[in-house]
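Written below as structure tokens is the structure these notes are about.
The numbers here are math on the coordinates, done by the rules we state, and not lab data. Small disclaimer: the values here were computed from a predicted structure and weren't measured. Cβ sites come from the backbone with ideal geometry, for glycine too, and all protein chains shown count toward neighbours.
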Amino acid sequence: MKIVALTGPETAKVSLGGIVKEISIALIDDPKPGDYVVLHVGYALAKIDEAEAERTLALLAAEGSDALAEFSAAGEATEAPP
Amino acid sequence: MKHLDEYRDAETARRLAASIHREADTDRRYRLMEFCGGHTHAIFRYGIEDLLPANIEMVHGPGCPVCVLPTGRLDMAIRLAKRDGVILASYGDMLRVPGSKGQSLMKAKADGADIRMVYSTLDALKLAEANPDREVIFFAIGFETTTPPTALAIEAAAKAKLGNFSVFCNHVLTPSAIAAILEAPAVRDLGAVEIDGFLGPAHVSVVIGSQPYEFFAEEYRKPVAISGFEPIDILQSILMLVRQLNEGRAEVENQYIRAVTRDGNLRAKQAVSRIFELRRDFEWRGLGHIPYSALRLKDAYAAFDAERRFDEPYIASEGNKACACPAILRGAKKPTDCRLFGSVCTPETPLGSCMVSSEGACAAYYSYGRMRERTQ
């Protein structure tokens, strides 16, 4: 969910793939357009931390290539995963 | 969509699954409980179990708010809704939950009770503003994620002197339920299940932070990995738990670090502590009575507490005796172990709460998993 506009002191419009909805931002600090938020029952519960998201993706990018190559080489690719 | 597509990527899933297969020790079992119903749903929806080796077993926990509400509390909501002049505002997934004697909010609505489905507590407040001559009762359920929105609604109602708004509070606490699964004698008597590690909830942890789980890791030597809701999040968290168990570690690791901090959301926690206090006792479906496991409104907000305002008593009720929901909620039984599952109990005609909510284990099995065992 991305904040597209602030509509009041405690409300904002968010977009999820084009679906726009008004939500409460009363529970988060310093919301700004462009922030991604975790949404639950109409309330933003947190902002997504972009730096931590990048760190997670970096970890994921490095994970399991060798293991997958091993399984493929062992001819197990056609069996139950991987 | 940013922060979503990355965590649904098939190639990343194959690499994570390969690491899990390579590192899982074939000489041992890994029984991992996903506490949260949102995870249960995602595990079935994305077929996560089919990516895991046979010795990693996902045990489905009680973190489905609709499922753990005991029949007696639902009966109270139905009685409140049937009172003259009352509008009961409820989250949609409560409407079809079976109460005693075949009752449900849906049936009460068909019989003439004024029951409105709301998406948010803000909608319930708007109903009270628009209907000053009616009593609007918000049927508040859920874990730590839905509690702060309820708290803010009560504060807003107090500020606006909205005298016709009240809350039927059923908010419950995640750490209490985890403790009950790990140790409560009541649960032991009911038959518990051995669990090696926990997948910690996503949104609940956004609010309460990772700190409350440290006690379980230290005291019970159970590793915890707090996990996001997407399939890549879940696979990465399972890999974290496999590694902890292989290395004999029992720590709280935070896979969902893009949204969860150690302290959680202070604003939300403060809102909750301004309005609510601990209940001495609360009954959970499947887990029995757990002390200090739920919240009630503080005395200062008694006027907004529907239980006190309407003097509505709690009458315990057993629900359908053949329904295995209680054991399923503890992870002691699987949905397919229940003889009602898929025959007389389906999402269209649920006999137990676990079949109602999309977060319930029975509904997830029925929607995505019921053909799985036939194909194996």
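At 222 nm, what helix-only mean residue ellipticity would the protein assembly as shown give, in deg cm²/dmol to the nearest 500, using -39500 (n - 2.57) for each DSSP H run of four or more? Before the final figure, lay out the partial values.
On the way: 19 runs with 160 residues, N = 458.
It lands at -9500 deg cm²/dmol.
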TODO: Only bridges with both residues in the protein assembly as shown count here: give the DSSP antiparallel percent, nearest 5.
DONE: 40 percent
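Evaluate the relative contact order of the stretch B:243-367 (contact order divided by residue number), counting alpha-carbon pairs under 8 angstrom at least 6 apart; express in whole percent. Present the calculation step by step, with values, prior to reporting the outcome.
Details: 113 pairs, mean separation 16.8, N = 125.
Relative contact order for the stretch B:243-367 comes out at 13 percent.
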Open item on the list: As I understand it, the value is the acute angle between the Cα axis of helix B:231-246 and the longest principal axis of the Cα atoms of chain B; what does it come to in degrees, rounded to 10?
Closed with: 60 degrees
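Taking the Cβ of B:MET58 as the centre, find all other residues whose Cβ is under 10 Å away and add up their charges (Lys, Arg: +1; Asp, Glu: -1). Kindly include the intermediate steps, with their values, before the conclusion.
Working: positive: B:ARG31; negative: B:GLU34, B:GLU49, B:GLU57.
Taking every Cβ under 10 Å from that of B:MET58, the sum is -2.
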Open item on the list: Is the C-alpha gyration tensor of the stretch B:325-366 telling us rounded, prolate or oblate? Criteria: a/c under 1.5 is rounded; beyond that, a/b larger than b/c is prolate, otherwise oblate.
Closed with: oblate
Open item on the list: For chain B, take every pair of Cα atoms, bin their distances at 20 Å starting from 0, and report each bin as a whole percent.
Closed with: 29, 57, 14, 0
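Just list whichever of B:LYS107/B:LYS334; A:LYS13/B:LYS126; B:LYS107/B:LYS298; B:LYS101/B:LYS333; A:LYS13/B:LYS298 have alpha carbons separated by over 22 Å in the model shown.
Values: B:LYS107/B:LYS334 29 Å; A:LYS13/B:LYS126 18 Å; B:LYS107/B:LYS298 32 Å; B:LYS101/B:LYS333 25 Å; A:LYS13/B:LYS298 33 Å.
Too far apart for the 22 Å limit: B:LYS107/B:LYS334; B:LYS107/B:LYS298; B:LYS101/B:LYS333; A:LYS13/B:LYS298.
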Open item on the list: Tell me the angle of helix B:266-275 to the major Cα principal axis of chain B, expressed in degrees between 0 and 90 and rounded to the nearest ten.
Closed with: 40 degrees
Open item on the list: List the residues, sorted by chain then number, that are 5 or more residues from B:HIS171 or on another chain and whose placed amide H is less than 5 Å from its amide H.
Closed with: B:LEU295
Task: Span from the the stretch B:297-376 Cα centroid across to the the stretch B:195-246 one, whole angstrom - done: 24 Å
Task: For the stretch B:76-152 and the stretch B:1-69, distance of Cα centres in Å - done: 34 Å
Task: Cα→Cβ-extended label distance, 7 Å offset, between A:SER72 and B:GLU194, nm - done: 3.8 nm
- [ ] Please turn the phi angles of the stretch B:33-39 into ³J(HN,Hα) values with the Karplus equation 6.51 cos²θ - 1.76 cosθ + 1.60 (θ = phi - 60°), one per residue in order, whole Hz, x for glycine and proline.
- [x] 9, 8, 5, 8, x, x, 5
TODO: Would you please classify the overall shape of the stretch B:142-297 from the alpha carbon gyration tensor, given that a ≥ b ≥ c denote the square roots of the eigenvalues, rounded means a/c under 1.5, and beyond that prolate means a/b larger than b/c while oblate covers the rest?
DONE: oblate
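When DSSP beta bridges are limited to those with both residues in chain B, what percentage is antiparallel, rounded to the nearest 5? The partial results should precede the final answer.
On the way: 8 of 42 bridges.
So the antiparallel bridges in chain B amount to around 20 percent.
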Open item on the list: Starting from the 7 Å offset along Cα-to-Cβ, what nm value, one decimal, do you get for the label separation of A:ASP49 and A:ASP29?
Closed with: 1.2 nm
Task: the stretch A:2-73 shape via C-alpha gyration tensor axes, a/c threshold 1.5 - done: prolate
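Over all directions, the average projected area of the alpha-carbon convex hull for the stretch B:71-195 comes to how many nm²?
On the way: hull surface 36.3 nm².
That works out to 9.1 nm², a quarter of the Cα hull's surface.
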Open item on the list: Angle check, please: helix B:147-159 long axis (alpha carbons) against the longest principal axis of chain B (alpha carbons), in degrees 0 to 90, nearest 10.
Closed with: 20 degrees
Open item on the list: For the protein assembly as shown, I need the span (max minus min coordinate) of the C-alpha atoms along each principal axis, in Å, sorted largest to smallest.
Closed with: 73, 52, 40
Task: Cut-off 11 Å between beta-carbons: net charge of the residues surrounding B:ASN164, Lys and Arg +1, Asp and Glu -1 - done: 0
TODO: Count the net charge of all other residues whose Cβ sits under 13 Å from the Cβ of B:LEU295, scoring Lys and Arg as +1 and Asp and Glu as -1.
DONE: +1
